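Working notes, structure below.
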Amino acid sequence: MLIAIAAFAVLATSFGVLLGYSAIRFRVEGDPIADQVDAVLPQTQCGQCGYPGCRPYAEAVAKEEVEINKCVPGGEIVVLTLADLLGRDPMPLEAGEEKPKALAVIDEKACIGCTLCIQACPVDAILGAAKQMHTVIAAECTGCE
C-alpha cells in the first residue's frame, strides 16, 4: 500500500516538474501595446489599412512600422485615441475623409445561392445555404465594403 502511494507521489511530482518546466520554456509572450491598440480598432477586418485584419495592423502600429492614420472605418476617433495611447502626434486620415458605415446588401432577385458572399465576408455576417437565399445579419456587419 505504501509503495503504491509513494509511486503515485513520485509520478505526480515528476509530472508537476515537467509541466512547470514546459510552462517556462515554451511560454508565448504577447505584446501588451499591440493588445491595447487592437482593443481601440473597430475590428472590421476590412483590409483598408493595407493589412489583412485589425490585429496585424495593431502589431505594426505597436512596432512603429506604420502610421496611426490608416484605419478608415475607425475614423478620426481611432486616430485621436491611438495618438493619446501611444504618445504620438494626431494626424489626418490617410484616405481623406471618413465614410459612413456601409452595410452589405444582397439583391434577392440576383441571389442564386452560390455562397460567394459568405466566403468573402471576413466576419461571417452573411447567413444562408447553398442554392438558398442569403441574408445579411446587420448587427454583425462591419461595413468592410
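Every read-out reported here was derived from the displayed coordinates using simple, explicitly stated rules and does not represent laboratory data. Keep in mind it's a predicted model, so treat the numbers as computed, not measured. Ideal geometry is used to build each Cβ from the backbone, glycine not excepted, and the neighbour counts take in all protein chains shown.
Out of all the residues in region 23-71, which are polar (S, T, N, Q) and on the phi > 0 side of the Ramachandran plot? Write out each step before concluding.
Filtering region 23-71 down to residues polar (S, T, N, Q) leaves 36, 43-45, 48, 69.
43, 45 - these are the residues of region 23-71 that are polar (S, T, N, Q) and on the phi > 0 side of the Ramachandran plot.
Elements of the type helices (runs of 4 or more DSSP H) sitting completely within region 45-141 and holding at least 3 residues that are without any contact (Cβ under 8 Å) to a residue 60 or more places away in the chain and in contact with an Asp or Glu (Cβ under 8 Å, 6 or more places away or on another chain): these cover 54-62, 75-86.
Just give me the residues in region 19-57 being within 16 Å of residue 74 (Cα to Cα), surrounded by 13 or more Cβ atoms within 10 Å (Cβ to Cβ) and of a type in the set (A, V, I, L, M, F, W, C), in sequence order. I'd like the intermediate steps shown before the answer.
Kept after step one, since they are within 16 Å of residue 74 (Cα to Cα), are these residues of region 19-57: 36-57.
Then drop every residue that is not surrounded by 13 or more Cβ atoms within 10 Å (Cβ to Cβ), which leaves 36-38, 40-49, 51, 53-57.
Across region 19-57, the qualifying residues are 37, 40, 41, 46, 49, 54.
Of the residues making up region 21-44, those that are within 29 Å of residue 141 (Cβ to Cβ), without any contact (Cβ under 8 Å) to a residue 40 or more places away in the chain and of a type in the set (A, V, I, L, M, F, W, C) are 34, 39, 41.
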